[in-house]
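The values are calculated or read from the model by the stated rules, or taken from the named source; none is laboratory data. The shown structure was predicted, so the numbers you read here are calculated from the model rather than taken from an experiment. Cβ coordinates were reconstructed from backbone atoms using ideal geometry, including for glycine residues, and neighbour counts include every protein chain displayed. Keep in mind that these areas ignore ligands, DNA and RNA; they rest on the heavy atoms of the full protein, side chains included. Shrake-Rupley method; radii C 1.70, N 1.55, O 1.52, S 1.80 Å.
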Amino acid sequence: MSITVNGVEITEAMVQAELPSHEDTPNPRDAAIQQLVLHRLLLEKARASGYDNANEGEAIGALLDKELQFAPVDEAACEAYYTAHPEYFRQGDSAAASHILFKTEGGDELAKSLTRAKAEGVLAEVQANPARFADLAREHSACPSSQQGGALGQFGRGQMVPEFEQAVFGTDAGNITPNLVETQFGYHIIQVTGRSEGGQISLEEVKPRLQQYLNEMAARQAMHDYLNTLVKAADIQGFNMPG
């Protein structure tokens, strides 16, 4: 059965041409047809409203600029949303650290023991002179971060392997872990350079982004409602448009 929108056919050739734009969707064919139907409805509405259809994109844009009206979100709305959803505005614990990595690849126990002995020696050296941490990282670390003196930057809980994370969040900022930390990657000497406890983010911190987000949500809802009105008023055959 062919697909028609107010008597105008959506051909298979049109669907095939639209498909590449929807490859990442769960059902590319349905998504392509939906887009073609909505485009047809908007084009018809633009024509009926007196907009020049010589450039379809400009005509539809002009129509939507006129039809999609919604009140911009104000500070009171931002505050109400913030108060109603406190769980959205919490940040977790974070830390910053540097490390020196000694890789233990393969199952050779002798090689692993020799690597551990070397790591223990560097650990003793860095504990005796913490100011040399970056230099020793550049000299010994098998991690690409060695080029930055071992610096890994800031990260939150859940971003590192458990053993590494436990060591970092169990060490005060400015300190070096007293023992080597073993992970699936090898042995680490870790220097914790910063720690920050999680907590509630203030409204003032998030207000600009929150206001932008709520305005975008309002615009999307206005678009959804408008398109739904067009779909309900149309005669669409051969395809069921979702609500």
Does segment 64-71 contain at least one residue that is assigned to a loop (DSSP other than H, G, I, E, B) and in contact with a Phe, Trp or Tyr (Cβ under 7 Å, 6 or more places away or on another chain)?
-> yes
Within segment 207-224, which residues are surrounded by fewer than 16 Cβ atoms within 10 Å (Cβ to Cβ) and touching a helix residue (DSSP H, G or I) at 6+ places or on another chain (Cβ under 6 Å)?
-> LYS207
Candidates ILE176, ILE190, ILE201, filtered to the one that is of a type in the set (Val, Ile, Thr) and modelled with pLDDT under 95 = ILE201
On the given criteria, is VAL15 free of Cβ contacts under 8 Å to residues at least 40 places away in the same chain and β-branched (Val, Ile, Thr)?
-> yes
Of residues in segment 189-242 being outside any strand (DSSP E or B), closer than 28 Å to PHE169 by Cα and of a type in the set (A, V, I, L, M), the one nearest to the chain's Cα centre (by Cα) | VAL206
From the list THR193, THR183, pick out the single residue that is over 30 Å from VAL5 (Cβ atoms), of a type in the set (S, T, N, Q) and in contact with a helix residue (DSSP H, G or I) (Cβ under 9 Å, 6 or more places away or on another chain).
-> THR183
Would you mind stating whether GLU44 is surrounded by 11 or more Cβ atoms within 10 Å (Cβ to Cβ), farther than 30 Å from GLY194 by Cα and in contact (Cβ under 8 Å) with a residue 60 or more places away in the chain?
-> no
Selection from segment 96-147 of residues that are closer than 14 Å to THR177 by Cα and surrounded by 16 or more Cβ atoms within 10 Å (Cβ to Cβ) = ALA96, ALA97, SER98, HIS99, ILE100, LEU101, ALA119, VAL122, LEU123, VAL126, PHE133
Can you find a residue in segment 150-163 that is open to solvent by 80 Å² or more (accessible area, probe 1.4 Å), out of contact with any Leu (no Cβ under 8 Å at 6 or more places or on another chain) and assigned to a helix (DSSP H, G or I)?
-> yes
